[in-house]
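Colleague: Sharing a structure with you now.
Values quoted throughout were computed directly from the atomic coordinates according to the rules given, and no laboratory measurement underlies them. The structure presented is a predicted model; accordingly, all values stated were derived computationally and were not measured. For neighbour counting, all protein chains shown are included, and Cβ atoms are generated from backbone atoms with ideal geometry for every residue, glycine included.
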Amino acid sequence: MTAVHADGALLQPAEAKRLARRLARSERSARLSALLLVTPLLLFLLMVFIGPLLMMLSRGVRDAEVAQALPATVLALRNWRHDAPIPDAAFRALADDLAKAHTPAAVADAAARLNYALPGLRAMLMSARARMRNLPVDPRAFFVGLSPRWDDKETWSAIRQASGPLTDFYLLSALDLRRSSTGAIEAVPAGESAFVQAILRTFGISFGVTALAILLGFPFAYLMATTGRRMAGVMMLILLLPFWTAVMVRVLAWSMLLGREGIVNDGLRSLGLLSQPLDLLYNRTAVLVSLLHIFIPYMVLPLYSVMKTIPTSQMRAAASLGAPPAMAFRRIFLPQIVPGLAAGSLLVFIHSLGVFVVPAVLGGPREQGLPVLVVNYVTKTPNWGLAAALSMVLLVSVYLLYWLFVKLTKTVTPSVSAR
Amino acid sequence: MTGFPPTPAQKAGRLLLVVFGVLFCLFLIGPILAFVPMAFNDVAVLHYPIQHFSLRWFRALFASSDWSRALLNSFLVAAGTTFLALLIGVTAAIGLWRWRSAGKDALMVLIMTPMIVPSVIGATSMYFAFARVGLDYSYVGLVLAHCAFAAPIVVVTVSAALQRFDGNLLRAAASLGAPPLLTFRRVTLPLILPGVVSGAVFAFAISFDDVVAALFLAGPDQRTLPVQMYMRSGDLFDLVIAAAATVMLVIAISLMAVLLFVRRGDRLRQTGAQGAAH
Amino acid sequence: MSAITFGRTGLALLAAVSLLATVPVRAADLAVSVFISPIGEVLKKDVLEPYRKQSGVDLRIDSRDWGLGSVRAKVEAGGADWDIVTNEETEVLQGCDEGVFAEIDKSRLPGLADFDKIGESYKCGVPFIFYSSVLAYDKKKLKELPSSWADLWDRAKWPGRRAMRKSPVQTLEVALMADGVARGDVYKLLATKAGVDRAFRKLDEIKPDIVWWVNAGQSRQLLASGEVVMGMSYDNGIAFFNKTQGTDFGMSRKDAILLTDFWSIVRGSRHVDSAYKFLNYAMRPEVQAAVTNGLAISTPNRKAMAFVNPDWKPFLTPNPDVLQDAIPLDAEFWVNNADELTRRFDAWLAAR
């Protein structure tokens, strides 16, 4: 490194070294102060958001309940293969484990976990525990006497497969797959599970919203970019008012507008366009319209900002050179707005994938995508492992799209600055 | 500067575009404004036409302990969120602005996490984690959760303001012997204030808008206005919900007004600075 | 605003918020948690507040959502900060199994002698109200009134959409009864795969026309706004809305599904004596009647009828002793089969 004075004269070597050292020290302290300033936010996000997120997702692959409640049984089944008969040791171990469970609560979690894999196992386990006063002389006869299903290899396979510590059970379930009692991966019988359909549906709706946003956002942005400054300002205000209004307010507004006795139906009927009111609520129409209303600024704003940078003289030049308007549009205008179009589309798509309130309030059963399923499996029918697995599917999709967004737009901010 | 005279086809196309624009504007604001007359309607069922003008739903909003508590909660939580998000967001944005080492992009991606992760997943994660340490069903938990969603956007808006900030000013202040905090207050803050206010408005709006996180983390005592609306969305006999929506609309307009005011000032200052440079 | 005043305001705000959060939880003599619902509101107003005033007990009143999860979480966290909670049948059963609730010592509740036998078999709960899931419609909007679940399926006579509860619970029962299955055979049939298949096949017939509701308020809103021609709803809500909102809803009670809500004592409660004292109060005829009068909802206490508002009497779920037309919900069946049938129901909903 050669240090040069402002007037171009070279420094004395000793002086240069000293300067370099001072520079390095101040660089170091600048770096340190930058790090110190960023640290509170990083710590905060790690503790409040990212840590909890990873913990929640880990529920999708962890399997601790059965091993904790029935340790001896898990041990006894470790070397059992499905083609061998059910070992007596397993029955004895289960009797031991259940006898040690003094309250039903001690095995409740394990019973719930086993019931996900094999319906009915919860009741079998709970009733066996309740009748386990003292250790039976013949454990096998005791269990089989309670329920013939204890003689089924399927039952014991389910316990063995749930013995942890890790499992692919929930992830497979989220993709409508399962392991047979021999351990092979197979499809869940048709009609018993429809998560793949729900995943595709989530994407389908996002895709529909994105397409609509392009179709309607494009001419609107174009109009904004080509109209007078004052008019463009008014249009911007009109675009941003819904943007700043709470989503809940907008959802309720749509539920009021689209009802059979709502404004849209009443209006169409008083114009004589309809004889019977249309069913517009609780279906795809309501969800698409409302999502479009919510996410349209994410499309218009990036489009508008790229369109603004294209001088009108370019189009005029093309016209003067004899290009028909359609050709000028395709060859000159369109290529320049591709970055805005890509940014807008990805923003709309990513955000539509994660919505919960809109489908929950305005949709029918076929509009309930992954976020609604996640909430259902956390609250209504608790199966937290499955909720975590479904979250993983959603999260992987969102991050793939975000990665594409970063690659295409060279920015890491997944939002519009509205500036 | 005159171009070629437009052909009739172009004129017709332009007209069509303008008609589309007007209709689309109607689509954008119509639904929101449709709520307002409902809130002043005397009749108890949620549909048009409006029968008699009345303020009964607003009176009911403030008289009902559920609704007024929800309104108060929304303000409290949004205020707490804004403060905390500004505190750590502005600090971090300055740190990032000074960041000279590698890995800044990776750091930004990490900070953006709450903006990318679907709110349902973030909210359930925080619900499980907060329940474990007793922070569920509490104001603190709710503020922390909202702040996780709001802090990244503060970083974004303040970073944007800092990009236009001349670092030499800091050196000048330091050379005149100003301690760092004084420099921040007297030099940095006034110049990045538009970004800070934008961030504050965004943070407030994010908290005020949120349904999902509050659905999980708020107990009956912390229930916010959007959650109250969500829970009552089935029972539309009660037009208090329309009154509540109108209140939220007024808040949205106020937030927008603050933002416009700040940006106008900012733009004026910018053009002023450019004018001085010429 | 300068940075300093800004900082001060902010700190004051933060202090205010954290102050609100740390209002100490009083070590009350008794903590009762009720549903977040109109029922919960009536219990607070007509049972809990009067009890606090009358007994002088330091009573903490709380409310909860979401099934058993929140209670279980509290019990597992070590200290049960609730002593008594309200529950539905399946929660009582499952909570009993899992040790979340304590068994009720019925000898300490002499008032039970006046109670109908509804809910008698539940070891961990004392029934306090019952109501039923019925076929409801808006009289103003229909020329001919439906009278059975089979009519819910009659799209030729009543074209339009129908409201049903978004859950396999009650819905599968209704489908089977609409298909001609006798009340008494419903759960026998549902315990078999063929029976479940039959219920889903029946639902398939009207699937495109069903609007699903999650809470009872939505079912009434769907009727009132004309989104549906008829649907499942709860009898007490229908009566109450007719009275308070001026609607003219009608209902058919044929093959209604009878539902019961209970008080349960949380296992590990440190105030068991106090809890029994409260339960004895809550079971009194005049207290039970106050709940009935608040919501047009039936009480299992036979003696309470003397205090019930005569306006409500025609709407109340008929006394189950003489009830010929209803089946009680089989909670045992649902505790064991909800996982599987919910998953199948969800898959069925999602399919075209």
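Colleague: How would A:102, A:293 line up from fewest to most surrounding beta-carbon atoms within 10 angstrom?
Modeller: Details: A:102 9, A:293 22.
So the ranking, lowest neighbour count to highest, is A:102, A:293.
Colleague: Can you work out the Karplus-derived ³J(HN,Hα) for every residue in the range C:183-192? Use 6.51 cos²θ - 1.76 cosθ + 1.60 with θ = phi - 60°, whole Hz, and x for glycine or proline.
Modeller: Computed from phi, the couplings for the range C:183-192 are 3, x, 9, 4, 6, 4, 6, 5, 6, 9 Hz.
Colleague: Let me ask something additional. Over chain A, what is the relative contact order in whole percent, taking alpha-carbon pairs under 8 Å and six or more residues apart? Show your work: numbers first, answer last.
Modeller: Numbers: 443 pairs, mean separation 67.8, N = 419.
Computed over chain A, the figure is 16 percent.
Colleague: Sticking with this structure for a sec: Please find the FRET efficiency linking residue A:31 to residue A:403, where r is the Cβ-Cβ separation and R0 is fixed at 35 Å, and quote it to the nearest 0.05.
Modeller: Numbers: r = 28 Å, r/R0 = 0.81.
That gives a FRET efficiency of 0.80.
Colleague: Given a Förster radius of 25 Å and the C-beta distance between residue B:29 and residue B:258 as r, what FRET efficiency does 1/(1 + (r/R0)^6) yield to the nearest 0.05?
Modeller: Working: r = 20 Å, r/R0 = 0.78.
With a Förster radius of 25 Å, E is 0.80.
Colleague: Can you check what the net charge comes to around residue C:147, using other residues whose Cβ is under 12 Å from the Cβ of residue C:147 (Lys, Arg +1; Asp, Glu -1)? Please list the in-between numbers first.
Modeller: Working: positive: C:157, C:253, C:254; negative: C:144, C:151, C:154, C:255, C:325.
Residues near residue C:147 contribute -2 overall.
Colleague: Which value, in debye to the nearest 20, describes the size of the charge dipole of chain C about its Cα centre when Lys and Arg Cβ atoms bear +1, Asp and Glu Cβ atoms bear -1, and nothing else is charged? Walk me through the numbers before you get to the answer.
Modeller: On the way: 45 positive and 46 negative charges, 156 e Å.
Here chain C has a charge dipole of around 740 debye.
Colleague: Using label points projected 7 Å from each Cα along Cα→Cβ, tell me how many nm separate residue A:326 and residue C:117, to one decimal.
Modeller: A separation of 8.3 nm, rounded to one decimal place.
Colleague: Find the eigenvalues of the gyration tensor of the Cα atoms of chain C, then list the square roots of 5 times those eigenvalues as equivalent ellipsoid semi-axes, largest first, in whole angstrom. Walk me through the numbers on the way to the answer.
Modeller: Numbers: eigenvalues 270, 140, 98 Å².
Semi-axis lengths for chain C are 37, 26, 22 Å.
Colleague: Nothing charged except the Cβ atoms of Lys and Arg (+1) and of Asp and Glu (-1): what's the magnitude of the dipole of the protein assembly as shown about its Cα centre? Round to the nearest 20 debye.
Modeller: Working: 104 positive and 79 negative charges, 862 e Å.
The dipole of the protein assembly as shown has a size of about 4140 debye.
Colleague: For labels at residue A:338 and residue C:108 in the simple 7 Å Cα→Cβ model, what's the distance in nm?
Modeller: 7.7
Colleague: In sequence order, what are the phi-derived ³J(HN,Hα) couplings for the range C:256-264 according to the Karplus relation 6.51 cos²θ - 1.76 cosθ + 1.60 with θ = phi - 60°, rounded to whole Hz, with x for glycine and proline?
Modeller: Computed from phi, the couplings for the range C:256-264 are 5, 9, 8, 10, 10, 10, 10, 8, 10 Hz.
Colleague: Another question, if that's okay. What percent of all Cα-Cα pairs in the range C:129-268 falls into each 5 Å bin, going from 0 up to the bin containing the maximum distance?
Modeller: In whole percents, the pair-distance histogram is 2, 10, 20, 22, 19, 13, 7, 4, 2, 1, 0, 0.
Colleague: Can you tell which of A:288, A:399, A:237 lies farthest toward the positive end of the dipole of the range A:195-409, using +1 and -1 charges on the Cβ of basic and acidic side chains (Lys, Arg; Asp, Glu)?
Modeller: A:237
Colleague: Using a Förster distance of 22 angstrom, determine the FRET efficiency expected from the C-beta separation of residue A:134 and residue A:67, and round it to 0.05. All intermediate terms of the calculation are to be shown ahead of the outcome.
Modeller: On the way: r = 25 Å, r/R0 = 1.13.
So the FRET efficiency works out to roughly 0.30.
Colleague: Apply the a/c threshold of 1.5 to the C-alpha gyration tensor of the range A:195-409 and tell me whether it is rounded, prolate or oblate.
Modeller: Details: a/c = 2.43, a/b = 1.42, b/c = 1.72.
The shape class here is oblate.
Colleague: Related question: From the convex hull of the Cα coordinates of chain A, what is the mean projected area in square nanometres? Don't skip to the end; give the middle numbers.
Modeller: On the way: hull surface 150.4 nm².
Averaging across all directions leaves 37.6 nm² for the Cα convex hull.
Colleague: Can you spot the aspartates and glutamates whose alpha carbon is less than 16 Å from residue C:157's alpha carbon? Ignore those fewer than 8 places along the same chain.
Modeller: C:138, C:144, C:205, C:209
Colleague: Which three lengths, in whole Å and largest first, does the protein assembly as shown cover when its Cα atoms are put on their principal axes?
Modeller: Cα spread of the protein assembly as shown along its principal axes, largest to smallest: 103, 79, 65 Å.
Colleague: Could you check the spin-label model distance between residue A:268 and residue A:285? Points 7 Å from the Cα along Cα→Cβ, value in nm.
Modeller: 0.4
Colleague: Let me ask something else about it. Give, as a single signed number, the net charge of other residues whose beta carbon lies under 15 Å from the beta carbon of residue A:63, with Lys and Arg counted +1 and Asp and Glu -1.
Modeller: Working: positive: A:59, A:62, A:78, A:113, A:160, A:178, A:179; negative: A:65, A:109, A:168.
So the surrounding residues net to +4.
Colleague: How large is ³J(HN,Hα) for each residue in the range A:242-253, as worked out from phi by the Karplus curve 6.51 cos²θ - 1.76 cosθ + 1.60 (θ = phi - 60°), to whole Hz, x for Gly and Pro?
Modeller: x, 4, 8, 7, 4, 4, 4, 5, 5, 4, 5, 4
Colleague: On to the next question. Search the structure for amide H atoms under 5 Å from the amide H of residue C:210, placed 1.01 Å from N in the peptide plane, and list their residues when 5 or more places away or on another chain.
Modeller: Distant-sequence amide H within range of residue C:210: C:162.
Colleague: Can I ask one more? Where the centre of each part is set by its Cα atoms, how far does the range A:317-376 sit from the range C:221-274, in angstrom?
Modeller: 44
Colleague: If the only charges are +1 at each Lys and Arg Cβ and -1 at each Asp and Glu Cβ, what is the size of the charge dipole of the range B:56-273 around the Cα centre, to the nearest 20 debye? Don't jump to the answer; show the numbers that get you there.
Modeller: Working: 17 positive and 10 negative charges, 173 e Å.
Here the size comes out at about 840 debye.
Colleague: Where the centre of each part is set by its Cα atoms, how far does the range B:109-124 sit from the range C:144-175, in angstrom?
Modeller: The range B:109-124 and the range C:144-175 have Cα centres separated by 42 Å.
Colleague: Ok, one more. Looking at this model, which pairs from C:117/C:313; A:380/C:166; C:143/C:207; C:117/C:277; A:407/B:104; C:166/C:202 are more than 18 angstrom apart at the alpha-carbon? Please report the intermediate quantities before stating the final value.
Modeller: Values: C:117/C:313 20 Å; A:380/C:166 11 Å; C:143/C:207 24 Å; C:117/C:277 22 Å; A:407/B:104 16 Å; C:166/C:202 16 Å.
As for pairs spanning more than 18 Å Cα to Cα, those are C:117/C:313; C:143/C:207; C:117/C:277.
Colleague: Something else about it: Dipole of the range B:56-273 (Lys/Arg Cβ +1, Asp/Glu Cβ -1, origin at the Cα centre): which of B:67, B:163, B:146 lies farthest to the positive side?
Modeller: Positive-most Cα among the choices belongs to B:163.
Colleague: Related question: So what's the back-of-envelope 222 nm ellipticity for the protein assembly as shown, counting only DSSP H runs of four-plus at -39500 (n - 2.57) apiece and dividing by all residues, rounded to 500?
Modeller: Counting only the DSSP helices, I get -19500 deg cm²/dmol.
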